[in-house]
1. Which residue out of Pro99, Pro58, Pro38 is modelled with pLDDT of 95 or more and surrounded by 15 or more Cβ atoms within 10 Å (Cβ to Cβ)?
2. Given the conditions (1) surrounded by 15 or more Cβ atoms within 10 Å (Cβ to Cβ); (2) of a type outside the set (Lys, Arg); (3) within 16 Å of the ligand (Cβ to nearest atom), and given that Asp29 satisfies all but one, which numbered condition is not satisfied?
3. Give the residues of segment 70-109 that are within 10 Å of the ligand (Cβ to nearest atom), touching a strand residue (DSSP E or B) at 6+ places or on another chain (Cβ under 8 Å) and not small (Gly, Ala, Ser), sorted by residue number.
4. Do we have Ile77 as over 21 Å from Leu5 (Cβ atoms), β-branched (Val, Ile, Thr) and at pLDDT below 95 here?
5. Name the residue that is farthest from the chain's Cα centre (by Cα), counting only residues in segment 38-65 that are under 18 Å from Leu16 (Cβ atoms) and small (Gly, Ala, Ser).
6. What pairs come out if I take residues in segment 82-95 that are modelled with pLDDT of 90 or more and pair them with residues that are of a type in the set (Lys, Arg) and assigned to a loop (DSSP other than H, G, I, E, B) whose C-beta lies under 9 Å away, six or more apart or interchain?
7. Only one of (1) surrounded by 11 or more Cβ atoms within 10 Å (Cβ to Cβ); (2) modelled with pLDDT under 95; (3) under 19 Å from Ile77 (Cα atoms) fails for Val21. Which number is that?
8. When you go through Ile52, Ile48, Ile77, Ile70 one by one, which is the residue that is hydrophobic (A, V, I, L, M, F, W, C), more than 28 Å from Ser103 (Cα to Cα) and part of a helix (DSSP H, G or I)?
Amino acid sequence: MQENLLIGFVVIWLGLTVGSVMLFQRGNDVAKKRRLWPIYTVFSNVVIGGFIIFMQPPTAWMISILILLIPVTLLTIRSTKFCDSCGQASRSPFFMKPPQVCSHCKKPL
Ligand SMILES: [Zn+2]
């Protein structure tokens, strides 16, 4: 039972990774990427949260990590911009303010 759950998480995680590459690294449909990015980010952080609960760390740890996931999720969504020119994602390091220029083609975002 426990092992099946773990395998399930690994499969979901692999799916999310592959899905992220397929959805956000490829193609030039910027509007679609912008629409799907918050959904994808929230979903992947819910999976991380579920995995943390599954690992059953001490309750105080678990609660602080889960609470921390909320701003991390919001900041991840906010700090990632998709370029109109090349369709690539630009992410600001360490959740600083959103990037102003595309990290791939240097056009303003
Ligand atoms: Zn660009």
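1. Pro38
2. Among (1) surrounded by 15 or more Cβ atoms within 10 Å (Cβ to Cβ); (2) of a type outside the set (Lys, Arg); (3) within 16 Å of the ligand (Cβ to nearest atom), Asp29 violates only (1).
3. If we filter segment 70-109 for residues that are within 10 Å of the ligand (Cβ to nearest atom), which is where we start, we get 81-90, 101-109.
Filter once more, keeping what is touching a strand residue (DSSP E or B) at 6+ places or on another chain (Cβ under 8 Å): 81-83, 88-90, 101-104, 107-109.
Lys81, Phe82, Cys83, Gln88, Val101, Cys102, His104, Lys107, Pro108, Leu109, listed by residue number.
4. yes
5. It comes out as Gly50.
6. As it stands, the answer is Cys83/Lys107; Asp84/Lys107; Ser85/Lys107; Cys86/Lys107; Gly87/Arg26, since those pairs meet every condition given.
7. Answer for Val21: the failing condition is (1).
8. Details: Ile48 fails: more than 28 Å from Ser103 (Cα to Cα); Ile77 fails: more than 28 Å from Ser103 (Cα to Cα); Ile70 fails: more than 28 Å from Ser103 (Cα to Cα).
None of the other options fit; the residue is Ile52.
The values are calculated or read from the model by the stated rules, or taken from the named source; none is laboratory data. Just so it is clear, the structure is predicted and the values come from calculations on it, not from any experiment. FYI the Cβ positions are ideal-geometry reconstructions off the backbone, even for glycines, and counts take in every protein chain you see.
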